[in-house]
1. Would you please list the contacts, defined by Cβ atoms under 6 Å and residues six or more apart or on different chains, that run from a residue in the range 2-15 that is surrounded by fewer than 14 Cβ atoms within 10 Å (Cβ to Cβ) to a residue that is modelled with pLDDT of 80 or more?
2. Take the residues in the range 31-42 that are surrounded by 11 or more Cβ atoms within 10 Å (Cβ to Cβ), more than 9 Å from the chain's Cα centre (by Cα) and not hydroxyl-bearing (Ser, Thr, Tyr); name whichever of them is modelled with the highest pLDDT.
3. Being open to solvent by less than 90 Å² (accessible area, probe 1.4 Å) and modelled with pLDDT under 80 is true for just one of 45, 28. Which residue is that?
Amino acid sequence: CAYLGACMYWVSDAARPDPATWERHDWGSTMPQTYDLVIYPPTSGNAYGHVASIDHLESSDPAAYGALWMMDSNFN
């Protein structure tokens, strides 16, 4: 995870949001809801990761990536 990357919110104790305010769930462990934030890990082409907000889901399966619709401003 690159320094100052979005993924630092997930992997760094220093950047992690206050657990009294934010809930953290590993992917597929709970059903996301509208307006939840999703923090994506880094990839080979993007060392910073990505943050997006959930618009809606088309499945009741929390691991169904293709059924997750995101609100985004800088990612295709």
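1. Cβ pairs passing all conditions: 2/47; 2/48.
2. Residue satisfying both the conditions and the ranking: 42.
3. 28
The values are calculated or read from the model by the stated rules, or taken from the named source; none is laboratory data. Please read these numbers as outputs of a predicted model, since none were measured by experiment. Neighbour counts run over all protein chains shown; Cβ positions are idealised from the backbone, glycine included. Please note that ligands, DNA and RNA were not included when accessible areas were found on the heavy atoms of the full protein model with its side chains. Shrake-Rupley method; radii C 1.70, N 1.55, O 1.52, S 1.80 Å.
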